[in-house]
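J.: Could you have a look at this structure, given as structure tokens, before my questions?
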Amino acid sequence: MAAARIPKSTPKGTLAKPSESAWCRMKVELKYSRPSIWRRILVPGEFTLEQLHDAIQAVYEWDDDHLHSF
């Protein structure tokens, strides 16, 4: 999963709030699958966990009935 970019002026231990134009590129991989099953997605930096969940559901073409955890 891509980490947020933290400007050098940000105090250590705090996260910078993503700008409106920030994007996060992520590789989402299912555990314990052989061969590996993964998707690479690009989402806006301001996505909430709920929106990220919806995006993952969409790229795997799931109906929100699989077990998941963050």
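J.: Under 9 Å between Cβ atoms, which residue pairs at least 6 apart in sequence (or on different chains) link something in the stretch 33-59 that is under 19 Å from ALA22 (Cβ atoms) and charged (D, E, K, R) with a partner that is open to solvent by less than 80 Å² (accessible area, probe 1.4 Å) and in a strand (DSSP E or B)?
T.: Between residues of the stretch 33-59 that are under 19 Å from ALA22 (Cβ atoms) and charged (D, E, K, R) and residues that are open to solvent by less than 80 Å² (accessible area, probe 1.4 Å) and in a strand (DSSP E or B), the close pairs are ARG40/MET26; ARG40/VAL28.
J.: If you don't mind, there's one more thing I want to ask. Within the stretch 38-70, count every residue that is hydrophobic (A, V, I, L, M, F, W, C), surrounded by 10 or more Cβ atoms within 10 Å (Cβ to Cβ) and not in a loop (DSSP other than H, G, I, E, B).
T.: Of the residues in that region, 9 qualify.
J.: Okay, next question. Report, by residue number, each residue of the stretch 37-54 that is over 9 Å from the mean Cα position of the chain (by Cα) and within 19 Å of LEU67 (Cβ to Cβ).
T.: ILE37, TRP38, ARG39, GLU50, ASP54
J.: Going by what's in this entry, would PRO35 be described as open to solvent by less than 100 Å² (accessible area, probe 1.4 Å) and either assigned to a loop (DSSP other than H, G, I, E, B) or at pLDDT below 90 (or both)? Spell out how you get there, then give the answer.
T.: Details: open to solvent by less than 100 Å² (accessible area, probe 1.4 Å): no; either assigned to a loop (DSSP other than H, G, I, E, B) or at pLDDT below 90 (or both): yes.
The answer is no for PRO35.
The values are calculated or read from the model by the stated rules, or taken from the named source; none is laboratory data. The model shown is predicted, which means the values in this text are computed figures rather than measured ones. With ideal geometry, Cβ positions are generated from the backbone for all residues, glycine too; neighbour counts draw on all protein chains shown. With ligands, DNA and RNA removed, areas are computed over all heavy atoms of the protein, side chains included. Shrake-Rupley method; radii C 1.70, N 1.55, O 1.52, S 1.80 Å.
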